[in-house]
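The values are calculated or read from the model by the stated rules, or taken from the named source; none is laboratory data. The shown structure was predicted, so the numbers you read here are calculated from the model rather than taken from an experiment. Ideal geometry is used to build each Cβ from the backbone, glycine not excepted, and the neighbour counts take in all protein chains shown. Note: accessible area is taken over every heavy atom of the protein model, side chains too, but ligands, DNA and RNA are not part of it. Shrake-Rupley method; radii C 1.70, N 1.55, O 1.52, S 1.80 Å.
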Amino acid sequence: MIKRVHHIAIAVKSLDETIPVFEKLLGVKAKVTGAPCQKVTEALFKIDEGVEINLVEPMGPDSTVAAFLEKRGEGLHHIALEVDDIDAELPAMEQRGFRLIDKEGREGVAGKIGFLHPKSAAGVLVELVTPREHE
């Protein structure tokens, strides 16, 4: 069951150029963290009772975010929705007709994650996440 919006991720070419823009916009400082498991570096902005806006920069040309930027340019990359149990929720989503990118949860920056294919969600890449504090 979907509990809340966990974060909104925006693909960017350069964190160095984009972080100051979002710090000024949101009025909070970014926390920068590497995510080698996803081949990205993220700038996390915690706002409004824990919801985050994350800027996502590829670590190299083999990152899926690099491919996204090449194809679509900077902008909304995905919306992450919090769930209690990613490993139960992914098969439930598949039964409801959603196409899965991940058949089971895997490690991510926010916790255990899995993605739904954008072709089954009106063109939006949807990430389901079970935060570490729930594991």
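Data overview
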read-out: Equivalent ellipsoid dimensions for the chain as semi-axes, Å, which come from the Cα gyration tensor, largest first; value: 24, 17, 13
read-out: √(5λ) per eigenvalue of the Cα gyration tensor, segment 1-52, largest first, Å; value: 19, 16, 9
read-out: Angle between the chain longest axis and helix 86-95 axis [Cα atoms, degrees, rounded to 10]; value: 60
read-out: FRET efficiency for Val5 and Asp62, using Cβ-Cβ distance with R0 set to 35 Å, rounded to 0.05; value: 0.75
read-out: Distant-in-sequence amide H partners of Asp102 (H built 1.01 Å from N, under 5 Å); value: Phe115
read-out: Given charges at Cβ of Lys, Arg, Asp, Glu: the chain dipole, positive-most of Ile101, Leu69, Ile8; value: Leu69
read-out: Highest to lowest packing among 51-60, 34-43, scored as the average C-beta count within 10 Å; value: 51-60, 34-43
read-out: Contact order relative to length of segment 1-66, as percent, for alpha carbon pairs under 8 angstrom and 6 or more apart; value: 35
read-out: Per residue value of the accessible surface for the chain (all protein chains in place, 1.4 Å probe), Å²; value: 56
read-out: Per-residue SASA entry for Arg106, accessible area with 1.4 Å probe, Å² rounded to 10; value: 80
read-out: Pairwise centroid distance, computed over Cα atoms, of segment 12-53 with segment 70-99, Å; value: 20
read-out: Lysine pairs meeting the criterion (Cα under 14 Å, 8 or more apart or interchain), as found in the chain; value: 6
read-out: Percent accessible area from carbon and sulfur atoms, segment 1-62, protein chains only, probe 1.4 Å; value: 58
